[in-house]
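Enquirer: My structure is below; once you've seen it, I'll send some questions.
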Amino acid sequence: MMPKYIKLLFCIPIAIILCYSAYLCAVYGTVPDIIPIHSYGNNPDLYGSKKFLFLPILLNIVILIFTWRIISRPDKIKFTFEISENDKEKTYRITQLALVIIAIFVTIMMSPLSFSDVVYK
């Protein structure tokens, strides 16, 4: 059984995605139809539709689904080391916690910080 704190921590990336999605929907009408989709510094080299702003949300949802599947079944993970029966639960909890932290980090990195020059103008 999965500990309650793992489930609660996994709600953080979901809340981030929901907040970012709500904000993006609120400002979507003010975003220009053509936006820079690839740039380095202040020099955009590719342009695309503003629909590309939803791509990180979809990718993040896919990543969270895969992460949740792994977190919910830690016994299916192929560890590269032997786990004794006494340490099995502790190893599973540490692995689940690490995966939740990675999910939070990935969600933060794929959220509004990536599009501050387009969405926040």
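Enquirer: On the given criteria, is Ile57 out of contact with any Pro (no Cβ under 7 Å at 6 or more places or on another chain), among the β-branched types (Val, Ile, Thr) and open to solvent by 70 Å² or more (accessible area, probe 1.4 Å)? Talk me through it step by step, then tell me what you get.
Expert: Values: out of contact with any Pro (no Cβ under 7 Å at 6 or more places or on another chain): yes; among the β-branched types (Val, Ile, Thr): yes; open to solvent by 70 Å² or more (accessible area, probe 1.4 Å): no.
So Ile57 fails the test.
Enquirer: Looking at the stretch 13-31 only, could you name the residues that are touching a residue at least 60 places away in the same chain (Cβ under 8 Å) and open to solvent by 70 Å² or more (accessible area, probe 1.4 Å)? Write out each step before concluding.
Expert: Applying the first criterion (touching a residue at least 60 places away in the same chain (Cβ under 8 Å)) to the stretch 13-31 yields 13, 16-17, 20, 23-24, 27, 31.
Within the stretch 13-31, Tyr23 is the sole residue that qualifies.
Enquirer: Which members of the stretch 45-82 meet the condition of being assigned to a loop (DSSP other than H, G, I, E, B) and more than 23 Å from Lys4 (Cβ to Cβ)?
Expert: Of everything in the stretch 45-82, those that are assigned to a loop (DSSP other than H, G, I, E, B) and more than 23 Å from Lys4 (Cβ to Cβ) turn out to be Lys78, Phe79, Thr80, Phe81, Glu82.
The values are calculated or read from the model by the stated rules, or taken from the named source; none is laboratory data. Because the structure is a prediction, the values reported are computed rather than measured. Glycine gets a Cβ as well: all are built from the backbone with ideal geometry, and neighbour counts include every protein chain shown. Remember, those area values only see protein heavy atoms, side chains included, never the ligands or the DNA or RNA. Shrake-Rupley method; radii C 1.70, N 1.55, O 1.52, S 1.80 Å.
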